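Where a number appears in this text, it was derived from the coordinates with a stated rule and is not lab data. On a predicted model such as this, the values are computed, not experimentally measured, just so you know. As a convention, Cβ positions derive from the backbone with ideal geometry for all residues, glycine included, and neighbour counts pool all protein chains shown.
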Amino acid sequence: MERINGRRFDELRPIKIEAGVLNRADGSCYIEWGLNKIYAAVYGPKEVLPRHLEQKDRAILRCRYNMAPFSVEERKRPGPDRRAVEIGKVMQGALEPAILMHYYPKSMIEISVEVVQANAGTRCAGITAASIALADAGIPMRDLVPSCAAGKVNGEIVLDLAKEEDNEGEADMPVAIIPRLDQITLLQMDGKLTEEELEKAIKLAMTGCREVYKLQIDALKRKYAGAEYE
Amino acid sequence: MLYAKNRELAVPGMLLAEGDYIDEDGTHKEHGKVYASVVGIVYIDRRKVRVVALKGKYIPKQGDSVIGIISDERFNGWKVDINSPYEADLNQKDIYLSRYQSLKVGDLVYARIVRITEIFETSLYAKRPYGRLDNGILIEIQSARVPRLIGRKGSMIKMINEKTGSIITVGQNGLVWIRGGDKELAAQACQMVDREAHIPGLTDRVSEFLSR
């Protein structure tokens with residue numbers, strides 16, 4: 001089968017990751033995933049605001065996902081909407097199991113994901129970038145969290161759908177994993193898949209995640225290469 | 001069984017050792033395996049494995065000397081902002097103030113962390129040689145860079161002191177207080193250490209900068 005930009009069924013779009021790009025944030029990351037361009041920034045751990053969310057025995061994680069008005073074809077009304085709130089929520093769920101939250105009781109970690117240009121798969125790219133930003137902020141984690149989508153286009157299961165494929169395809173399923181523990185921390189699906197197709201798509205997405213994982217490690221090593229300490 | 005070399009760069013989730021190893025700072029142990037939990041440099045000392053983080057907020061530890069800013073007054077002491085997610089308490093009896101001195105919101109103290117609970121309720125002690133800080137300037141560097149600023153056996157700080165004539169007090173929490181001498185120059189040198197800590201040959205460059 002021919003895919004839109006001549007990719008194989010199990011081929012990712014080109015990914016470029018850079019860690020530590022923002023000066024004001026405690027940790028940050030910029031990712032270019034195909035035509036997606038996304039910034040992730042991490043603040044904290046810091047005092048909890050609003051106060052009533054404070055947990056005595058662990059840190060809390062707050063995620064904000066925002067799309068720039070110019071990130072999509074037709075101008076998007078600025079500000080949070082139903083979709084942004086949902087993605088913030090699932091990102092929080094995807095990243096929290098990987099963070100050692102009990103290290104910093106009574107504190108808060110804030111993640112802000114800013115989509116500058118969107119081309120399908122922004123939540124996956126956002127999670128990938130946010131986990132690097134967390135590592136860049138020096139927050140202790142069990143592992144990095146790579147994320148990648150799989151879906152069904154023209155009756156075939158393919159990896160990492162681009163915008164045109166997503167719009168015409170039958171299903172899209174973002175997956176985030178903790179590679180070391182082989183655990184899935186995000187699994188959403190829109191569209192329909194049979195049971196066998198679902199199994200196949202999850203497997204495919206997980207192999208994609210592992211590829212992304214390698215790129216994440218590369219990005220961090222590139223940023224901190226040559227560091228010495230006394 | 002060791003999987004990492006000494007002084008190697010580690011990223012979160014990297015397998016460092018398996019079996020009878022002790023997980024110290026910057027690592028965690030799961031099912032008998034020690035993994036890195038932060039980005040940093042691996043140090044292995046016999047059976048102890050630790051990763052020294054290259055970045056991160058200051059987290060108070062017992063025995064640390066820190067510089068704090070008074071943030072609130074209480075009936076028997078003060079709340080102190082120690083540049084970390086957690087505020088510290090300073091009791092009135094734990095600091096010596098002469099009859100003409102007082103401690104108000106915004107004042108600086110140099111203090112030692114004497115006690116810390118599981119939920120980071122932190123108590124300070126500020127009697128001699130600690131105490132209130134006067135007549136100086138305060139700068140902030142990353143707390144992970146503090147050991148670089150101090151240098152091996154205090155070599156870096158001694159050099160800055162000799163060349164600028166300033167007295168420099170470094171808090172483990174990344175706040176640096178500079179008094180006397182050429183304060184501006186000393187501050188610039190400290191900031192230089194913060195900025196270029198990861199590039200080799202730091203001591204020579206700082207020395208050259210100060211001699212200019």
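Some observations on this one:
- Cβ-based charge dipole, region B:95-210, positive-most Cα from B:I157, B:I116, B:I95: B:I95
- Computed from the C-beta positions of B:E184 and A:R24 and an R0 of 30 Å, the FRET efficiency is 0.80 to the nearest 0.05.
- Inter-chain Cβ neighbour count for A:102-115, averaged per residue, equals 2 (cutoff 10 Å, partner chain atoms only).
- Helix A:82-95 axis versus longest C-alpha principal axis of chain A: approximately 70°, rounded to the nearest ten.
- For B:6-17, mean number of other protein chain Cβ atoms within 10 Å: 5
- Here r is the Cβ-Cβ distance between A:K200 and B:I137 and R0 is 45 Å; the resulting FRET efficiency, rounded to 0.05, is 0.10.
- Shielding by other protein chains, B:84-91, mean Cβ within 10 Å: 3
- For A:N36, distant residues with modelled amide H under 5 Å away: A:N119
- The order of the peptides B:123-132, A:175-184 by mean Cβ neighbours within 10 Å, most packed first, is A:175-184, B:123-132.
- Here the Debye sum runs over all C-alpha atoms of region B:9-53 as equal scatterers in vacuum, and log10 of I(q)/I(0) at q = 0.14, 0.30 Å⁻¹ comes out as -0.22, -1.06.
- Region B:65-133, dipole about Cα centre (Lys/Arg Cβ +1, Asp/Glu Cβ -1), debye to the nearest 20: 440 debye
- Relative to the dominant Cα principal axis of chain A, helix A:122-136 is inclined by about 30°.
- Each helix, a run of at least 4 DSSP H residues, gives -39500 (n - 2.57); summed and divided by the residues of the protein assembly as shown, these come to -7500 deg cm²/dmol at 222 nm.
- Treating each Cα of region B:134-212 as an identical point scatterer and summing with the Debye formula, the log10 of I(q)/I(0) at q = 0.11, 0.16, 0.17, 0.21 Å⁻¹ comes to -0.22, -0.48, -0.55, -0.87.
- Straight-distance candidates among the lysines for linking to B:K153, with alpha-carbon spacing under 20 Å and chain neighbours fewer than 8 residues away dropped: B:K163.
- The string of couplings for region B:58-65 from the Karplus curve (6.51, -1.76, 1.60, θ = phi - 60°) is 6, 10, x, 9, 4, x, 6, 9 Hz, one whole number per residue in order, with x for Gly and Pro.
- For region B:137-211, the relative contact order comes to 35 percent (Cα pairs under 8 Å, sequence separation of at least 6).
- Its Cα gyration tensor gives the protein assembly as shown an equivalent ellipsoid, and the semi-axes of that ellipsoid, as √(5λ) in whole Å with the largest first, are 45, 23, 21.
- Here the average projected area of the convex hull drawn through the C-alpha atoms of region A:87-200 stands at 7.7 nm².
- A:R210 versus B:F75: modelled label distance in nm, points set 7 Å from Cα along the beta carbon direction: 6.4 nm
- For chain B, the longest principal axis of the C-alpha atoms and the axis of helix B:183-196 are separated by about 10°.
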